[in-house]
Amino acid sequence: MNNVVDINSIPLDLTGEKYKDVPYEEKERLFQEVKADERFHDVLYGCYECGVCVASCPSARFYDFSPRVIAQAVSREDVELIYTLMNDSIWDCSQCFSCDRCPRGNSPGGLITIMREVAVRNGLETAKEALEGYGRIIYKIMSTGTQVSPDMLQPNAFPDWGHHVNEIADNLDLWRRALPPETLHTVETGWSVSEKTIIELYLIWHMTGVMDMIKEIDEGLFMILQDVMEERLEDAGYDVTFDE
Amino acid sequence: MGQQMIPVEELIKSQKQPGFKYTPEDAPTEDYRDILFQLEKEGELEVIRVPEPYVEVTTKYGRKKKIPLEHTWHHKSCGQCGHIPGYSTSIFWLHRQFGFDYVDPSDQTSCTAWNYYASATSNAEAQVAVAVRNFAAAHETGRFPLIHCGTSFGHYKEVRHELLHHHDLRRKVRDIMERLGKKLVFPEEIVHYSEWVYAMRDKIAERQVIDMSHIVASVHPACHYHKLVEEDAIYDPEIYGAQRTAIVTGTLKALGIQIGEYSSWYDCCGFGFRHILVSRDFSRSFAVQRKIEVMKEEANPDIVVTHDTGCVTTLDQSQFAGKAHGKKVGIPVMSDSQIAALAMGAHPYKVLQLHWHNTENRPFLEKLGIDPDEKWREFEEALEKLKSGEKQYLTWEDADA
Ligand code: SF4
Ligand code: SF4
């Protein structure tokens, strides 16, 4: 490709220098957490180093990023390298799963999902950085049950989509009312979600410990979500606390 | 594009011709239905059957998949409903044209997979529980889930794999469902709306009122449709010799549309989940440089047709910045549901809701013999009724008036 601009050419430092002060035991502990995930054996069977995954990978075209390196490091149980990748590489992945065409049957993208989950659960600083500015989306999906809503279409949020966004923002309420499907008239959620449904969703978040992950990654967001969800649950007759 | 790439003509010539043999017995993957029904026998879960009438289509390894035509429970999509609502509206419109029974429920949450692939702030148990809760809600209405979003479709197939293979996970999710007063249910098939459009393609073509035979369309198959748990995506020996999914392309061919081939068809759209929200430079650049510019150079299509939330949004919206940078852009982007509805005479603004799209689509409408000014006037007349308070919402009757 001669016309692709390297938009984020921060080279990936694989020497291990950067994290040499982090105790090996801590790196090993995180790796063991990745390995302990039930899905681990569904996503990694070893690696031929063939590079098929890299050839298909959109992120590899624009970042110093390689699913092959990740699959290799984890296959070889290179704990130091895995730690570096968990911090400085996995968030570049687009989660498109083009790499699922791996001839070894791996899913490097699926492996990255697991590594990200471990990074979040353990509140790694780099995970917090990667998700900076993302909190409002987590708030939306967890509190309303839909991720993207029309009221997010504001020019300051999407300056690179041009004046067309201004036009939508100016006409939002009217244009939503001009949609024939009844569930789509709302502007605060993607579609109308019933109260009973939201309560069931909050109970799922509670029973699966997802809020503990939010707490690790963004304490402020945790507190806002906690307030909203506990109050609505209480109104619905559930005595539930997320801060256990 | 660089000289180092294989010219697209070569790729097309080298495609295997029809005659490629399907051998379901030699499929490299298990048949998930065997496991589903076995688990049902053992009392572990209940399978939601595909209701009649259904159409059987062929999937990657030659197996058959049932696509229900009606009695469907529409699982909407965050992005479609939020930013490109004409996508879902067109799906519903098509169902109504054929008089098919369906529900558009509010007892439904997002699959939450966009957030999961972006931020990983969830876990396998929660993801499976959200899926099963939605399926249980569908089952309670006596309908079968039809999934609007490509990512929900792919993610639910991942969920199926996890649920079928991990006993502990099943137990945990069953406990959660009990607490919610629901059963652990799972559909016999995970069905994407574009599979419904594909299954209906000949019926849609029978009722086509707009000639599209002079139109060239480039197809972007959504990654999470055909890459993520690939085995039950639709393949057809008549389309690319079954070497690539037949989804969308099969529908467009039935409508008489010419397919504009381009070499980076396998590439993603650049959406990136996290990237489209907080690393947008990547999404924009990828969409423009690896998709739109390549299509423009190699096929110069009138339209890009795809079948997922993220793909329509990224490919359409990213062209604004591309234009500002003098890139070769300017191809309108729509979903197969919008194109199918348009072919059957749906209103471009009241049904397709094209005013939510970004890239200029008026020349495309004009090429089809549709006057965009007149259509916009009709839409504005309908808006006047809302503004004056005569009506609160536009109804389906208004959409076809
Ligand atoms: S899932 Fe990630 S690693 Fe795999 S091809 Fe996509 S961007 Fe690359
Ligand atoms: S495609 Fe698979 S085997 Fe080949 S390098 Fe990538 S992970 Fe390794």
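Data overview
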quantity	calculated
q = 0.11, 0.15, 0.16 Å⁻¹: log10 I(q)/I(0) that the Debye formula gives for region B:246-346, counting C-alpha atoms only	-0.32, -0.59, -0.66
For region A:63-130 and region B:86-165, distance of Cα centres in Å	27 Å
0 to 90° range, to nearest 10: angle between helix A:135-144 axis and chain A longest Cα axis	50 degrees
Peptide A:193-201, shielding by other chains (average Cβ, 10 Å cutoff)	6
Helix-derived mean residue ellipticity, 222 nm - over chain A, DSSP H n ≥ 4, -39500 (n - 2.57), to 500	-15500 deg cm²/dmol
Relative contact order (%) - chain B, alpha-carbon pairs under 8 angstrom, separation at least six	19 percent
Size of chain B as Cα extents on the principal axes (Å, biggest first)	61, 59, 44
Over region B:24-193 - Rg/Rh using Cα atoms and the Kirkwood inverse-distance radius	0.95
Where only C-alpha atoms are counted, convex hull volume of the protein assembly as shown per residue in Å³	153 Å³
Highest to lowest packing among B:183-193, A:224-234, scored as the average C-beta count within 10 Å	B:183-193, A:224-234
Mean-position separation - Cα centroids, region A:143-170 and region B:264-307, in angstrom	20 Å
Helix A:108-121 vs. chain A, principal-axis angle (Cα, 0 to 90°, nearest 10)	70 degrees
Kirkwood Rh and Cα Rg combined as Rg/Rh, region A:15-122	0.94
Crossing angle, helix A:164-177 versus chain A [Cα axis fit, 0-90 degrees, rounded to tens]	50 degrees
Spatially proximal aspartates and glutamates relative to B:Lys323 (Cα-Cα < 20 Å; intrachain offsets below 8 disregarded)	A:Asp6, A:Asp160, A:Glu167, B:Asp281, B:Glu293, B:Glu297, B:Glu298, B:Asp302, B:Glu360
Entries in A:Lys140/B:Lys172; B:Lys157/B:Lys385; B:Lys227/B:Lys367; B:Lys296/B:Lys387; A:Lys215/B:Lys65 that, when Cα-Cα distance is taken, lie over 32 Å	B:Lys157/B:Lys385; B:Lys227/B:Lys367; B:Lys296/B:Lys387; A:Lys215/B:Lys65
Peptide-level mean, for A:124-137, of C-beta atoms on other protein chains within 10 Å	3
Residue-averaged [θ]222 nm for chain B, counting only DSSP H segments that reach four residues, each worth -39500 (n - 2.57)	-12500 deg cm²/dmol
Anchor B:Lys76: aspartates and glutamates whose Cα lies under 14 Å away (excluding residues fewer than 8 positions away in-chain)	A:Glu182, B:Asp104, B:Asp107, B:Asp308
Evaluated at q = 0.09, 0.14 Å⁻¹: base-10 log I(q)/I(0), Debye formula over Cα of region B:209-377	-0.29, -0.71
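Quick note: the coordinates plus some simple rules give every number you see, no bench work behind them. Remember, it's a predicted structure, so these values are computed and weren't measured experimentally. Neighbour counts are summed over all protein chains in view; Cβ atoms, including those assigned to glycine, are modelled from backbone coordinates with ideal geometry.
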